[in-house]
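Below: one structure, written as structure tokens.
The values are calculated or read from the model by the stated rules, or taken from the named source; none is laboratory data. Note that this is a predicted model, so its numbers are computed, not measured. Please note: Cβ atoms are built from the backbone with ideal geometry, for glycine as well, and neighbour counts cover all protein chains shown. Each accessible area value is taken on the protein alone, full model and side chains, heavy atoms only, with ligands, DNA and RNA left out. Shrake-Rupley method; radii C 1.70, N 1.55, O 1.52, S 1.80 Å.
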Amino acid sequence: YRGLTLVLTFLCYTSYHLSRKPISIVKSQLHPNCSALGPNPRNDSNSSMWCSWAPFDGDNYKELFGALDNAFLVAYAIGMFISGIFGERLPLRYYLSGGMVLSGLFTALFGLGYFWNIHVLWYFIIIQVCNGLAQTTGWPAVVACVGNWFGKGKRGFIMGIWNSHTSVGNILGSLIAGVWVSSAWGLSFVVPGIIIAAIGIICFFFLVEYPEDVGCSPPLHHVMTSNEKDPEVVTSSEVGQSSTDRSDSPREPSEEPEAISFLGALQIPGVVEFSLCLLFAKLVSYTFLYWLPLYIVNVAHFGAKEAGDLSTLFDVGGILGGIFAGLISDYSGGRATTCCVMLVVAAPMLFLYNHIGQNGIGTSIAMLIVCGALVNGPYALITTAVSADLGTHESIKGNAKALSTVTAIIDGTGSIGAALGPLLAGLISPTGWNNVFYMLIAADVLACLLLARVVVKEVRGWCGYMARKRGSSVQLTESVLNGK
């Protein structure tokens, strides 16, 4: 069941990113270089833009593309705070499946504008807003499902690998959209829309929300006291008994804990700190997502295709960074410290990439992978393992009904940074790329400082543990010397 949950949720969020990617691929077709296609068959004065798709055929097409991006990102950021609250009060399977079908519908509607010959900007803006709201159902639901099945000690490494769905979805979305972008760009949206809706239907029939639903023991969500029994280590008779009990009498609604409120989730220790940290970490990550290909073209003077291929290495580094961060944080028990160290190292690496990263293809590849790992590693860890940890924090006595709300608060706050970063880069880039990188470095430093209190708490916990360990060793030595 754990394997099934990982595979299904992986496919679900892969399809979410698969359906988001076509807009970045199709932009080049909505406003192509018409002069390269030959003479204007219409014989009008607008010879340079005759092949563009109205309303993106004017000189302000960059602003219009920016409006499409921001319509989605702002709606996603606002909707995320509301989405988690609904996710706690509705069955996750219904909520996730319904959101995927709606996301598929709105993605397909954007592409149908091609076949319906729609040239009204507000149609595309409204579709982007609706799609942004629908896609907020995904992240809180999949993190909650995985968090329900995996205990705290295993989350970092498992979720680090599982989080590669983001990059897999981006790559698949690019490939699928690229098949029809030149012939009928509407299909670049319709086909991904069908895919996400189909996976949503599969999820509806096969996803299991809670281990208790199929007679399995729940995982360990917090540190046990001495008189508590590890739910994952039970005897066969206990498993048989619990399975029989659950199969004979399914969970009563009255036995389920109440869903946590928005303010109650904010009061969980660490939620505010990690949310604000993610705001700045996601600001850096999404600035690279939207602006890295253009930076490579302008600074390294590669072609558009080569720049796009190189920019995928940042995602490759992000996969490695997420796995590495999860593994280290599992071993050390310090989620905040792991994030803080990676953010501290990321700042000088961003500075080096801007100054020496374009000196050669080998240097560029290495720096992109390293920067991707250091930038996306903390981002991946916070949105996965940290969100699941805080959603089942011991202060709420393992109440899994907080998972969706906590995840939505953290990712919603981060999405504000995702919308803000590309916007700031667009405003700052005319003054020089150096200033853009200074802004990114400052954001990394701020993200690190916001975790200072949690890091201090983790360090004190380690010091206390080492002191107790030394005390136990001294006591054991004395007992041996005294012949006990």
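Ignoring everything but the protein chains, give the 1.4 Å probe accessible area of Met349 in square angstrom, nearest 10.
50
Find the all-direction average of the projected area of the Cα convex hull for the stretch 68-169, expressing the result in square nanometres with one decimal place. Each step should come with its number before you reach the end.
Working: hull surface 30.0 nm².
Hull-based average projected area comes out at 7.5 nm².
Compute the separation of the alpha-carbon centres of the stretch 141-207 and the stretch 263-336 and state it in Å as a whole number.
18
Taking Cα atoms of the stretch 264-412, Rg/Rh with Kirkwood Rh, to two decimals?
Ratio value, two decimals: 1.06.
Can you compute the modelled spin-label distance between Lys457 and Leu112, with each label point 7 Å from Cα toward Cβ, in nm?
Roughly 4.9 nm, to one decimal.
If r is the Cβ-Cβ distance from Ile361 to Asn434 and R0 is 22 Å, what FRET efficiency results, to the nearest 0.05?
0.50
Any chance you could run the full-extension gain for Leu4 through Ser28? It's 0.36 nm times the residue separation minus the Cα-Cα distance, nm to one decimal.
Full extension of this stretch gives 4.8 nm more.
What number, in percent, do you get for the relative contact order of the stretch 70-211 if the mean sequence gap of Cα pairs under 8 Å and at least 6 apart is divided by its residue count?
43
Set the Förster distance to 22 Å, then compute FRET efficiency between Phe206 and Leu175 from the Cβ-Cβ distance, nearest 0.05.
0.25
Could you give the size of the charge dipole of the stretch 312-463 about its Cα centre, using +1 on the Cβ of each K and R and -1 on the Cβ of each D and E, expressed in debye and rounded to the nearest 20? Present the calculation step by step, with values, prior to reporting the outcome.
Details: 6 positive and 7 negative charges, 63 e Å.
Around 300 debye, computed over the stretch 312-463.
Evaluate E = 1/(1 + (r/R0)^6) for Glu63 and Met466, where r is the Cβ-Cβ distance and R0 equals 51 Å; express this FRET efficiency to the nearest 0.05. Can you show the working numbers first?
Working: r = 57 Å, r/R0 = 1.12.
Computed FRET efficiency for Glu63 and Met466 comes out at 0.35.
Can you give me the distance in nm between label points at Val214 and Val299, each placed 7 Å from the Cα along the Cα-to-Cβ direction?
Computed distance between label sites Val214 and Val299 equals 4.7 nm.
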